[in-house]
Each structure stands twice: as C-alpha cells, then as structure tokens.
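The values are calculated or read from the model by the stated rules, or taken from the named source; none is laboratory data. Please read all numbers here as calculations on a predicted model, not as lab measurements. Cβ sites come from the backbone with ideal geometry, for glycine too, and all protein chains shown count toward neighbours. What goes into the accessible areas is simple: the full protein's heavy atoms, side chains included, and nothing from ligands, DNA or RNA. Shrake-Rupley method; radii C 1.70, N 1.55, O 1.52, S 1.80 Å.
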Amino acid sequence: MRNSTYRPDIDGLRAVAVVAVVAFHLESSLVGGYVGVDVFFVISGYLISGVIQRELDLQTFSYRNFYLRRVRRIMPALIAVLLVCSLAAFAILLPSDLERYSRSTYAALFSVANFWFWSEGGYFGASSEMLPLLHTWSLAVEEQFYLVLPWVLVLGHRRWRASLGGLSSIAVAISLLASGLWVGTRQNEVFYFTPFRAWELLLGSVLALHHFRPPEGTVVPSIVGSVGLGLVVGPCFLYSPETSFPGFAAALPCVGTAVLIWSGQSPHGLATRLLRLRAVVFVGRISYSLYLWHWPCIVFARHLFGPELNVFTRLCLGVIAFALATLSWRFIETPFRNPTQVPERRIPTLLLPPTVAILLLAVGSTLTRGFEKRFSEEVVLLDQLRVTRPLRRECIRLRGVIDANTACHLGAATPPRLLIWGDSFAHALLPAFDDSLRELGKSAWFVAEAGCPPIPSARVAFKGQDNWRCREFNSKIVEFLESDPGIRVVLLAAAWDSYLAPDQAYVLAYDDGVSGADALGLGLDQLLTTVSQLRPPPQVVVLGQVPTYRESVPLAMAQHRIRGASLPNLTADDWNARSSASRSLFQTVAADGGIEFVDPVPWFCNAATCTYATGSTEPLYRDGGHLSSHGVRFVRPHVRETIRGMRALALGDGLEHQ
C-alpha cells in the first residue's frame, strides 16, 4: 500500500535489479546480473530503516507491528510459491531430488535457507542450478538482518541518537572489510552469511539515517544519478561468475544504488526520470513476485528438458514467470499488504493451511525416501546411484599434518611402497586400488583433495577463486613424500582435462599467467625435478583421465526410462579431441622417459564409441565423470594389471610371483 513517502524511482530501481537477476538466470549477456540481489539489499536497508526511524521520531514504533508488516510483505507470496513448487516437485523430481527439495522447504520457511544452501555447495556450482529454492537464500539474509536491526535502532535512538549514523557507517566499513578480506579464501561463507552481507543493507540504513538531500536544480542530480546508474548496470555486463564476489567487487553496484536513491530525492535527474517511467515502475512493483517465481520455472524446466535450455525455451520461461508474477502481485501481495482487505485476524486462517500442506509434503517425502513408489524399481536404482556417497570419505579432504598416521592405507598390511595422489576422480577409483592391492599382497598410501590436481607448484582457481586449500594440501604431500624413503612409485591420477580448458569451473594456472596445458606441463616438469632429487628417486606413473560425459549418466538413463530422453552418447573421436591436451603432453613426457603413462581410454572406448553402462541399471558413473560402484568393478581388472606392471618400478620383488 502506498503512502506519502512513496517514491516511484525506487520501484524503478527494483525493476533494474530484478531484470538483471532474471536475465542472468536465463543465461543472457548479463553475465553479472546476479548483482541485482545486492541492489535489493541496499534498497531494503534504506526503506526499512527509514520507516523505523520515522516511527521512532513519532513514538509510534512497535516491534509487533514491525514484524507483522514483514509477515504481510514476505510470507503470502513466498508460501504460494512454495506450495506450487512442492506440487511441481512431487510431479517432476526424482526421489533423491525431491528429498533434497523437501529439506530446502524447511530452510525457506524458517529463514535459514542461506545456511542450508551454503552446506550444499557454492551458488555458482552446476548442482545449484537444479535447486528450485536456491534463490530464497537472499530472503533468509534479509530476515536474519531484521531480527537485529529494529532492536539496534531503538537502542541507538534512546542512547546514541546523535552518533547513530556514524556508528552505522563504522559497521558498514567493518562488514565490507571482512567480506573483502575473506572472499578469496572463504567465498561461500562470504556469499551466504549475513555478517558479510550486512554492510549492503546497512549502507541503505546509513543513507536513511543521515537524511542527505541533493542540492536544488537538475545538474548535480542528473550527473550523480547517471554515474550511479552506470555503477549498477556496468557490473551486470562486466562481472561474471568468475568474479571475486561479493567482497569489494560488490561495492560498485551497492554504492551505485545508494547514489541513485540519494539523487532520486530530486525528481529532475535524468536517471530518476528513466526510473520513474510507468512501465519500469510496474516491473518494480511486481519485482518481489518475479524474483520468487522466475527461478523455480527455470529449474523445473531443466529437470524436464535437460540442463541446457535453448533460447526459445528460455524466452518462454521469462514470459511465464512475468505472467505468474503479475498474478501473484495482484491477487496475493496487494491484498495482504492492505489491512482493510486482509485484516490481521484473517492472516493465520489464510496462511496456515497452505503452510501445513507444504510441511506435510516435505515430511512425507522424508519418510518415504522421496515418494520413490512413484517410479519403477529401475528408475529408483539409477537415482540412488546419483547420491551414493563414495567409500572411505576420510581419504579425501585430509586436514592438518599428513603422515603415516593420517594418510589412508590401502591394500595388504605391509609397508606401503606406492603413493597414490590425486583428486576426487582418483578417490572414485579408491576401491579398485584397494582391492587390487589386496589381491597382489601389496599396499599403498592414498591422498586426495577434491578439485585439486597433484601439481604442487601451480594454483587452481574455482570459478575465479584461488583454491588455497589445494596449494596447501599439495605442499604437504610433497613433504610427506620427502619424509618417506620407502616410497618407490608415485601414481598421479586426476580429471586432468577438467583443469585445462578456460570454460571449465576449475582452471590450472600460475601467477605469471601461464595456464591450461602449458601450466600442466610446467607443473609436471617441476614435480619431476623435485622427485628426482629424492634418494632413492621414485618412479612417477600418470593415470590418464577416464572418459567423461557432459550430462549425469544415471540421470540421463533414468530420464530415458521416464520420458524417453536421449541416452548418453560419447564417440571415441569426441573424447579423443576433448582429452588431447593432457594425453599428448603425457605421451610426450613418457616418450622422453620422465614418466610412465597409463591411458584408461581403451578400457572404455573402442574405435567408434565409449561405454557408459554395463546394463540397464548399471551405469559406470555416478554423475558425468566419477565412477560408480559398477564402474569400479568394470575397471578393477585394468587397475590390477596396471599395478602388477609396476614390478619393474621396484614396487616389490614378490609381485612377479603373483
């Protein structure tokens, strides 16, 4: 409901924010459109702080009324979206996805979605693109912030009224500094956790508390407003998922938003006039509903049609989301925000039944393992493979000192002479290594870190963020190797080609700009130099990358059974082209005698195609690249022969008698 302080330019600014977010999610050229959420944060902090401050000045503020307004503003549309999404999830999602979705509904309802999605992984990760309620993380951040803000403002109004704005500015600086300093090493925490986002909301609060007004006239508001609009729109095109964000990079759109709010107090600025256009204002008025509806539409479409949506489908989804948002704003948001249309006594009556229905569906999903009876036994088996956790998870993401007490021991109860060192692809092979070593009466140390190739001198960036854990982990492995003269063979295994292409999530590089295959070659050469200085120097064996698929193999097989979706298809020529960078390098180094290269491609591929399954419910992979239990059984004979062939590398004198 509008009041005397209504500013249409702020609704226009909301329109810019929501269009940026929706365009980003629809995979448009606005690759940095995610900054729209930061714009929303500043607007929210400004408006809510302003309302609280005015009511405190008039001595009309009450906590009860404040939180009642929050319920009216947030919950009706959110509950409507959750109810529709829960029904859609029941109809569309596989059992494991439905279970995961149900857990996210609890988080969304109780405003802790940011913590839940943080526990599930990064915002820009591929798996996050299939979570229908991912976007509710920002609502949780706001609500957590507003659990604290009113109490702080009330206390400040009573005791430190004159210095409240200054104290808020200090809080902005502290939160921003923490965000900027830690985003490089703790990006997920900085992205999701409220203390690191608080400065964005507080920036709006500072603007509301200081009562800054632009000078009279049109020149200054026009210039400043245009600069502010540029600071908001520019990052939408210039930033990307690889940008170190939020951190200091978030300052541009946030400061731009604050500048636009400030200059918008004068109706004469050019940017303000643009933001006050009727069509722009309308989009701003439905922005909350549009934000709520657009992401589930996209995600459910991906579950139905596959993760790669064509342009026409994405355009249709945008239209559908806009239509749903308009209806939601008109028939849900607007009535609930008007006490004359929905009196306070009717709120529980209207909101509790759908909330109970949402919770019953979520609880039912948990108790029935995602209502798995909806699908055939074959589909359920394929789905279970997708979420089966790898064995001996303690052998990956090792922390602290890595030595004989902490490294994983595989095989027989004998002193290990083999060190197996790799990433999560190597970890997927662990059971094959373990069984083969036991059969041969030998043993090995096993060490692995996810997203971390065994190239200690290089760095690995994930989505543009330096994976400092990888560098630290690899340096510890080198120390471990140097401390154990009993190691005769070092076996390196990883998803090598996943670190070489610039379009991959993980990129191997050096600080001087060397990246991709060049970085792999340089890093391998430096590792071989380090190994050659050991006494005695162990032999280095490189196990190449197993063929990988662009889609999840068990998911594609399940979708094929449900709705006739395409089965995985990988030709030998396609994989040879995709893996040529690493294979060529390893073959060259092996020809020079530096390493022994074991190529696993012949294990999977003939001259024409590559094998992805050994039966209708036996995929070799649990996703697009990590081997499943079926895959481990499939490669075990080859792994055994690889280890057996290491007798010439002094793995053990008794091996040839096996």
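Counting other Cβ atoms within 10 Å of each Cβ, which trypsin sites (Lys or Arg not before Pro) in region 283-370 have at most 16 and sit in a DSSP loop? Could you put the intermediate results ahead of the total?
Values: sites: Arg285, Arg302, Arg314, Arg330, Arg337, Arg345, Arg346, Arg369; in loops: Arg369.
Those that pass, being in a loop and sparsely packed, are Arg369.
Relative contact order (percent) for the chain, with alpha-carbon contacts under 8 angstrom and 6 or more residues of separation? Walk me through the numbers on the way to the answer.
Numbers: 1063 pairs, mean separation 93.4, N = 658.
Relative contact order here is 14 percent.
Give the cysteines in the chain for which no other Cys Cβ lies under 4.7 Å away, or write none if there are none. Flagged as lacking a Cys partner: Cys85, Cys236, Cys254, Cys297, Cys316.
Rolling a 1.4 Å probe over the protein heavy atoms gives the chain an accessible area of 43 Å² per residue.
Residues Ile562, Ile92, Ile320, Ile487, sorted by accessible area with the largest first, give Ile320, Ile562, Ile92, Ile487 [1.4 Å probe; ligands and nucleic acids excluded]. The string of couplings for region 201-208 from the Karplus curve (6.51, -1.76, 1.60, θ = phi - 60°) is 5, 5, 4, x, 4, 4, 4, 6 Hz, one whole number per residue in order, with x for Gly and Pro. Estimated from the Cβ-Cβ distance and a Förster radius of 56 angstrom, the FRET efficiency linking Thr414 and Ser376 is about 0.75. Taken about its Cα centre, region 510-658 carries a charge dipole of about 680 debye when Lys and Arg each add +1 at the Cβ and Asp and Glu each add -1 at the Cβ.
Altogether, the Stokes-Einstein calculation at 37 °C and 0.692 mPa s, with the Kirkwood radius of region 154-234 over Cα pairs as Rh, returns a diffusion coefficient of 221 µm²/s.
Note on Asp518: accessible area is roughly 110 Å² with a 1.4 Å probe, heavy atoms of protein only.
Taking the C-alpha atoms only, the angle from helix 377-387 to the longest principal axis of the chain is near 90 degrees. A simple count of charges around Leu352, restricted to other residues whose Cβ falls under 13 Å of its Cβ and scoring Lys, Arg +1 and Asp, Glu -1, yields +2.
Magnitude of the Cβ-charge dipole of the chain, K/R +1 and D/E -1, about the Cα centre, nearest 20 debye?
Details: 57 positive and 52 negative charges, 571 e Å.
So the magnitude is around 2740 debye.
Of Ala450, Ile420, Val490, which is farthest on the positive side of the dipole of region 384-492, counting Cα position, with +1 on Lys and Arg Cβ, -1 on Asp and Glu Cβ, and the Cα centre as origin? The Cα lying farthest towards the positive end belongs to Ala450. Exposed loop sites here mean GluC sites (Glu not before Pro) with a DSSP loop assignment and at most 11 other beta-carbon atoms within 10 Å; the chain contains its longest site-free run at 309-658.
Computed 3J(HN,Hα) for region 612-624, one whole-Hz value per residue from the Karplus formula 6.51 cos²θ - 1.76 cosθ + 1.60 where θ = phi - 60°, is 10, 7, 10, x, 5, 10, 10, x, 7, 10, 9, 8, x, glycine and proline marked x. Taking all protein chains as shown and a probe of 1.4 angstrom, Leu381 keeps an accessible surface of around 70 Å².
Taken along the Cα-to-beta-carbon direction at a fixed 7 Å, the label points for Ala162 and Ser127 span 5.5 nm. Using alpha carbons only, the radius of gyration of region 4-146 set against its Kirkwood radius gives Rg/Rh = 1.01.
As a fraction of the 1.4 Å probe accessible area of the chain, surface on carbon and sulfur atoms comes out at 61 percent. Label zone (Leu277, point 7 Å along Cα-to-C-beta; backbone nitrogen cut-off 19 Å) within region 1-41: 8-24, 29-30. The Cβ shell under 10 Å around Ser443 holds other residues with a net charge of +2, Lys and Arg each +1, Asp and Glu each -1.
Rolled with a 1.4 Å probe across the full set of protein chains, the surface gives Val16 an accessible area near 40 Å². Karplus-based coupling profile of region 61-69, in residue order and whole Hz: 6, 9, 4, 4, 5, 4, 6, 5, 5, with θ = phi - 60° in 6.51 cos²θ - 1.76 cosθ + 1.60 and x standing for Gly or Pro.
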